[in-house]
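As structure tokens, the structure follows; a few thoughts come after it.
The values are calculated or read from the model by the stated rules, or taken from the named source; none is laboratory data. Owing to the predicted nature of the structure, the values given are computational and were not obtained by experimental measurement. Neighbour counts are summed over all protein chains in view; Cβ atoms, including those assigned to glycine, are modelled from backbone coordinates with ideal geometry.
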């Protein structure tokens, strides 16, 4: 049976109403849930904003900390570098303090109380000697205040080169109407200097003609080399000024009115003429008992060169060479064994020579004094240096005491024994050991003076002989060519050797030129070695 449609509709309406209620309840619950979720969402949104703000703040803090960390890291590296640099500077400061003291000595920075040449100052140049009393130190130089002096010593009329009679009345008057008449004389000794100047001399030489061969011959010009512009006297004087008195060629040319090139050519010409005599001097020098030798700097056309000196009381041989090697002394003393003692410093350039060597005690004294100054607080060094310095000074002064031979030998052997005792003693200091080794290993080269009073134990003679060369180098800046150096060594050797043998250098050179004028091939050996058997020659020449 079919249901009435109204019932179906009612049933459907009831179902729909129940569904509507159900959906309403669901909607209400959903609305409540939505509101709750909205509240929660807003809470979460607020929390998120807060956290976002905190995150941003933390990020900024983190960035700031990272920046500070980088800065601190850089500062740490800089501080570490500065600390390391400070340590290096501290070490460098200590080294530089020592260096400054050394440079102050080299630069001659002084307070006024130091010796002018440091440990190399001779006793005569010391500001105050060790044994000076307080009274003597306080003294000042010069004459006493109010002292009238002793006056000057005049020469007698018999010793005068020229006598002038002055009769001119005095300009000063003694009264209003003076009536003067000669009543005697009074002598006034005066020294007058005659300026040196060149004299122009015209030589009129006679021409001779041979009747047989019709050749023309001329009278020679006396006292002048053939074709020379200047006489032997003028040439000898100008060359002596340059190569003995160390005046520069330019200054001599200006003073004498000579062209500079002419003077240089004259020197070269004389050097060629005296080359044989130069070689003879070297040959004779090899026969000596002893020689002093030393070398110093020179310049040749702006380049480094060297001056060598071999000398004693009878000879002075100068060499100007580009080398400082042993080939230079070999060229003088040869390569054969000589019965000769060569007094030098410890430079190894003399070692290959077949001669005996005497090492200079003054150089050793400087080394010991330098060691003493480097370690002033070391008692062992101070004691060693004090004892050795006393003995070295005794050795240096011994030759000047003029002892008889027996007394000299006794004192010399005593000094040697004491020196070797000091140097044989044991020591832990490297500086002391270095000085001791010199005496231990080179004993055969240190004590020739002990058995022969004529042999000096120092090389001061050679060092003093080179001082004028050093001054000449500073004034003239050396030579311009090898030929100039060769000319200088020939002329200086001849002039200085002539002076050693008692001749006036200019007069000797003039006399030698006069001989060569008459005979260009003349042997000049007899001029400088007139008597081979003289007492002086025997004193310095081996039999």
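Worth a mention:
- Subset of segment 503-527 (residues that are modelled with pLDDT under 90 and not in a helix (DSSP H, G or I)): 519, 520, 521, 522, 523, 524
- Residue in segment 501-517 that is in contact (Cβ under 8 Å) with a residue 40 or more places away in the chain, in contact with a strand residue (DSSP E or B) (Cβ under 8 Å, 6 or more places away or on another chain) and either surrounded by fewer than 18 Cβ atoms within 10 Å (Cβ to Cβ) or more than 30 Å from residue 322 (Cβ to Cβ) (or both) present: no
- Within segment 382-396, residues that are closer than 15 Å to residue 408 by Cα sit with their Cβ atoms under 6 Å from residues that are at pLDDT 90 or above and outside any helix (DSSP H, G or I), at 6+ positions apart or across chains, in these pairs: 395/457; 396/458.
- Enumeration of residues in segment 374-387 that are surrounded by 14 or more Cβ atoms within 10 Å (Cβ to Cβ) and within 27 Å of the chain's Cα centre (by Cα): 375, 385
- Output for segment 474-502, where each listed residue is under 15 Å from residue 295 (Cβ atoms) and at pLDDT below 90: 478
- Scanning segment 349-361 for residues that are more than 17 Å from residue 423 (Cα to Cα) and either free of Cβ contacts under 8 Å to residues at least 24 places away in the same chain or out of contact with any strand residue (DSSP E or B) (no Cβ under 7 Å at 6 or more places or on another chain) (or both) yields 349, 351, 352, 354, 355.
- Matching residues, segment 303-327, being over 17 Å from the mean Cα position of the chain (by Cα), surrounded by fewer than 18 Cβ atoms within 10 Å (Cβ to Cβ) and farther than 17 Å from residue 341 by Cβ: 322, 323, 325, 326, 327
- Any hit, segment 280-303, residues being under 22 Å from residue 230 (Cα atoms) and in a loop (DSSP other than H, G, I, E, B): no
- Residue count for segment 404-432 satisfying the condition of being under 14 Å from residue 364 (Cβ atoms) and at pLDDT 90 or above: 6.
- Hits in segment 404-420 (condition: in contact (Cβ under 8 Å) with a residue 24 or more places away in the chain and either exposed (fewer than 13 other Cβ atoms within 10 Å of the Cβ) or over 33 Å from the mean Cα position of the chain (by Cα) (or both)): 405, 408, 409, 412, 413, 418
- Considering each residue of segment 234-257 in turn, at least one proves to be part of a loop (DSSP other than H, G, I, E, B), free of Cβ contacts under 8 Å to residues at least 12 places away in the same chain and surrounded by fewer than 17 Cβ atoms within 10 Å (Cβ to Cβ).
- Residue check for residue 441: surrounded by fewer than 16 Cβ atoms within 10 Å (Cβ to Cβ), in contact (Cβ under 8 Å) with a residue 40 or more places away in the chain and over 22 Å from residue 398 (Cα atoms): no
- Only a single criterion out of (1) farther than 26 Å from residue 518 by Cα; (2) without any contact (Cβ under 8 Å) to a residue 12 or more places away in the chain; (3) assigned to a loop (DSSP other than H, G, I, E, B) is not satisfied by residue 214, namely (1).
Here's the yes/no breakdown for (1) under 30 Å from residue 382 (Cβ atoms); (2) crowded, with 17+ Cβ neighbours inside 10 Å; (3) in contact with a helix residue (DSSP H, G or I) (Cβ under 9 Å, 6 or more places away or on another chain):
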residue: 422; (1), (2), (3): yes, yes, yes
residue: 433; (1), (2), (3): yes, no, no
residue: 456; (1), (2), (3): yes, yes, yes
residue: 477; (1), (2), (3): no, no, no
residue: 485; (1), (2), (3): no, yes, no
residue: 496; (1), (2), (3): no, yes, yes
residue: 499; (1), (2), (3): no, no, yes
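- Any hit, segment 394-403, residues being over 29 Å from the mean Cα position of the chain (by Cα), in a helix (DSSP H, G or I) and more than 18 Å from residue 362 (Cα to Cα): no
- Test for residue 189: is it at pLDDT 70 or above, under 30 Å from residue 235 (Cα atoms), out of contact with any strand residue (DSSP E or B) (no Cβ under 6 Å at 6 or more places or on another chain) and surrounded by 10 or more Cβ atoms within 10 Å (Cβ to Cβ): no
- Among the candidates 205, 177, the residue that is farther than 24 Å from residue 252 by Cβ, at pLDDT below 80 and touching a strand residue (DSSP E or B) at 6+ places or on another chain (Cβ under 6 Å) is uniquely 205.
- A single entry from 168, 173 fulfils the requirement of being outside any strand (DSSP E or B) and surrounded by 10 or more Cβ atoms within 10 Å (Cβ to Cβ): 173.
- If you check 353, 364 for being assigned to a loop (DSSP other than H, G, I, E, B), in contact with a helix residue (DSSP H, G or I) (Cβ under 7 Å, 6 or more places away or on another chain) and buried (at least 20 other Cβ atoms within 10 Å of the Cβ), only one passes: 353.
- The residues of segment 266-275 that are in a helix (DSSP H, G or I) and under 19 Å from residue 309 (Cα atoms), listed by number, are 271, 275.
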